[in-house]
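Input: a single structure, listed below in structure tokens.
The values are calculated or read from the model by the stated rules, or taken from the named source; none is laboratory data. Keep in mind the model is a prediction, meaning the values are calculated, not measured. For the accessible areas, the whole protein counts, side chains as well, though only heavy atoms, and no ligand, DNA or RNA atoms are used. Shrake-Rupley method; radii C 1.70, N 1.55, O 1.52, S 1.80 Å.
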Amino acid sequence: MKTKKLIIIDGYNILNAWEKYKPFLKLSFENARQELIYDMGEYSKLVGIDLLLVFDAYKINFKGSSEIIKGIEVVYTKQNETADQYIEKKLDEMGRKILVSVGTDDTLIQKLVTQRGGNVLTAKELLYRYENLKNKSNRYEIKNRISNKSYFNTLDEKALNQLDEIEEKLFGSCFTTEDQKVGMKAFLEKVKG
């Protein structure tokens with residue numbers, strides 16, 4: 001039984017597939033990569049699964065590197081090695097020991113992944129899952145903030161009176177006519193009560 005899970009993402013494939021990265025790509029590949037690294041780090045944290053993000057350095061003189069950024073492993077392949085080749089090699093190393101999901105729109109890699117018992121995440125599906133989890137996470141945070149006591153409810157009477165005095169000094173002078181002062185006072189009482 002497979003208990004460990006891993007998500008492998010073909011970096012440039014996803015960068016070119018998601019519309020949100022188009023403006024970053026116009027600026028530079030580095031900007032786009034950094035944005036994807038940030039997003040995939042967030043995604044990995046939300047799903048609770050290790051993530052490996054692969055960028056190829058196929059056409060440049062580079063020995064390859066791997067580093068942990070934003071909680072995920074970011075790999076830059078060596079010269080003459082594509083991300084596809086790296087992913088295939090990684091799948092061979094892991095065999096069927098762990099459950100691997102690969103994010104790519106490359107049909108050859110998709111076939112290879114399914115042949116080896118892995119799951120395919122198309123760019124569209126990955127985007128949907130990421131945004132859905134992000135929205136759920138945001139709704140959960142908002143719900144918790146609303147249900148928790150506001151800091152005003154935790155202050156004692158003396159502190160509330162001091163805040164009222166500060167508020168009066170700051171905002172009271174903004175209202176010059178008596179009608180404006182009465183209106184502001186009524187508004188503040190309504191907000192507090």
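Counting only protein heavy atoms, what percent of the accessible surface of region 1-89 is carbon or sulfur at a 1.4 Å probe? Display every interim value, and only then the final one.
On the way: 2520 of 4940 Å².
The computed percentage sits at 51.
Pairs to check: K26/K63; K45/K78; K5/K124; K111/K134. Give those whose C-alpha atoms are more than 23 Å from each other in this structure. Could you put the intermediate results ahead of the total?
On the way: K26/K63 26 Å; K45/K78 28 Å; K5/K124 21 Å; K111/K134 29 Å.
Flagged as over cut-off: K26/K63; K45/K78; K111/K134.
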With the convex hull built on the Cα atoms of region 30-111, state its orientation-averaged projected area in nm².
5.9 nm²
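What number, in percent, do you get for the relative contact order of region 3-74 if the mean sequence gap of Cα pairs under 8 Å and at least 6 apart is divided by its residue count?
Details: 79 pairs, mean separation 26.3, N = 72.
About 36 percent, as a whole number.
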